[in-house]
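The values are calculated or read from the model by the stated rules, or taken from the named source; none is laboratory data. The structure presented is a predicted model; accordingly, all values stated were derived computationally and were not measured. Heads up, the Cβs are rebuilt from the backbone with ideal geometry, glycines too, and the neighbour counts pull from every protein chain shown. Please note that ligands, DNA and RNA were not included when accessible areas were found on the heavy atoms of the full protein model with its side chains. Shrake-Rupley method; radii C 1.70, N 1.55, O 1.52, S 1.80 Å.
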Amino acid sequence: DLSYALAFASDVSVYIARAHSDNGGTSWAPFGPSPWYGYGALLLDPNDPQTVYIADDAVGLEKTTDGGAHWDTKVNGLTALSCTSMDVSKVDPLRVYATFAGPQGIYRSDDGTSNWTFLPIDGSWNVRQVLVDPFNSQYVYMAGDPGFYESTNGGDTWTAKGWSGVPDPKPGLFVTMAADPHTPGRLLASFGGGSYGIGPGYLYESDNYGDSWQEVTGLGSSDVHWIRSVVYD
């Protein structure tokens, strides 16, 4: 089963869609509501590992505050169903961002997902991922089919930056991105080419908040396929 989710609560506690391991992946136990539809975007509260958000294509978005024993649907203000990504402010864990397949923008919650506000992004479509900068919570990044976007005010307004340095035509579809929690301004972004999911994967890095990008070489194999998730130690 495909999973786009990979999240760490500690060095040994790791989550993927529908499963949790408390021994670094040696063994796994079921996790999440049943049924749970979709590939499963998953987000942990940075201050409370008992609070977890998941994307469910049947209802939109669900939340647990007791480590998965009970789940509540959190869709007030959402007008879309298929959640493609989520992220949370490291300064204010009640501020949560989400992207959904279709809408030309992102959603933001300022109360831990009880209510959502839509933030339109001019010129965007197929918005695939939202990412909060780990050093400045007002910096928020978005990637979709038109390119890479940046907000410096928590998502209220956006600047289109494109993918400067990435070949045109692109090596494939944008798949995922991650921010280095140790180095300000450093981002990674992956693209997938060829057949969906199983074609070649490409990784690019930026050291200037996405102003320009360079290909990461030496991944260790010419058979690297789509990179679906990147997590920093």
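Summary table
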quantity	calculated
Among residues of the stretch 116-141, those that are crowded, with 21+ Cβ neighbours inside 10 Å, within 19 Å of GLY60 (Cβ to Cβ) and hydrophobic (A, V, I, L, M, F, W, C), counted	3
Residues of the stretch 135-173 classified as assigned to a strand (DSSP E or B), under 23 Å from TYR107 (Cβ atoms) and not hydrophobic (A, V, I, L, M, F, W, C), total	8
Count - residues of the stretch 178-232 that are assigned to a loop (DSSP other than H, G, I, E, B), among the small types (Gly, Ala, Ser) and more than 26 Å from SER10 (Cβ to Cβ)	12
Tally, over the stretch 101-115, of residues that are modelled with pLDDT of 95 or more, exposed (fewer than 14 other Cβ atoms within 10 Å of the Cβ) and under 17 Å from the mean Cα position of the chain (by Cα)	0
Every residue from the stretch 176-203 that is out of contact with any Gly (no Cβ under 7 Å at 6 or more places or on another chain), farther than 20 Å from THR99 by Cβ and open to solvent by less than 10 Å² (accessible area, probe 1.4 Å)	GLY185
Failed condition for THR64, given (1) open to solvent by 20 Å² or more (accessible area, probe 1.4 Å); (2) over 29 Å from GLN104 (Cβ atoms)	(1)
Cross-chain or 6+ apart pairs with Cβ under 7 Å, the stretch 163-183 first and over 19 Å from ARG128 (Cα atoms), then open to solvent by 20 Å² or more (accessible area, probe 1.4 Å) and in a strand (DSSP E or B)	GLY165/GLN214
